[in-house]
Amino acid sequence: MTRTAHDEARELIALGETLSGAQQKWLRAHLDDCAACRAYADAAGRVVTAVRSLPLAADARLVRATQMRVRFHAARVRETRERMWLVALACLSVGISTTFTVPLLWRLFAWIGGTVGVAAPVWQAGFAIFFFTPALVVSVILLARGTHLASNGQHRHGK
């Protein structure tokens, strides 16, 4: 389907006051030459003026429902923000404790490995397993829990 200059002009008229300078200039030039589009623009202007002149009154139930939703959303945003602060503090404390405990654990594993007579690669692998296993277990649990919550939310909303 080919677009004509009239189609373009009507789309620009519908956009109203959001036109760029070049679009406004082109539209003015087209309206100067085209009586049909000029009439369309005048009619659209009258409709916009009429709609803007109508008083809008919201039903009291609509106002209460909107206020309730806004308050609910604001409470959820506030809770999320508070949780994020807790997460940030937890990450900071884990980082600080890890900084101090990893060297001590490394020395402990080296000492145990030397005392028992285990080869260095074996006790180092043991250290890596001991160090990474809790994080992997928690990640799997959180992933499973998140997947479970997401699938329950879909079933509740009929998706």
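Considering only the range 76-84, I want to know if a residue exists there that is touching a residue at least 12 places away in the same chain (Cβ under 8 Å) and out of contact with any Gly (no Cβ under 8 Å at 6 or more places or on another chain).
Looking through the range 76-84, none of the residues is touching a residue at least 12 places away in the same chain (Cβ under 8 Å) and out of contact with any Gly (no Cβ under 8 Å at 6 or more places or on another chain).
Looking at the range 105-145, which of its residues are farther than 24 Å from residue 95 by Cα and in a helix (DSSP H, G or I)? Show your work before the answer.
Within the range 105-145, the subset farther than 24 Å from residue 95 by Cα is 111-122, 144-145.
Within the range 105-145, 111, 112, 113, 114, 115, 116, 120, 121, 122, 144, 145 qualify.
Here is a list: 38, 28. Which entry is in contact with a helix residue (DSSP H, G or I) (Cβ under 6 Å, 6 or more places away or on another chain) and of a type outside the set (A, V, I, L, M, F, W, C)?
It is 38.
Where residues in the range 125-150 are among the hydroxyl-bearing types (Ser, Thr, Tyr) and farther than 19 Å from residue 99 by Cα, which of them is modelled with the lowest pLDDT?
147
Against the condition hydroxyl-bearing (Ser, Thr, Tyr), in a helix (DSSP H, G or I) and over 30 Å from residue 134 (Cβ atoms), how does residue 98 come out, does it pass?
no
The values are calculated or read from the model by the stated rules, or taken from the named source; none is laboratory data. Treat the numbers as computed from the prediction; the structure is a model and nothing was measured. In this analysis, Cβ positions are derived from the backbone assuming ideal geometry, glycine residues included, and neighbour counts consider all displayed protein chains.
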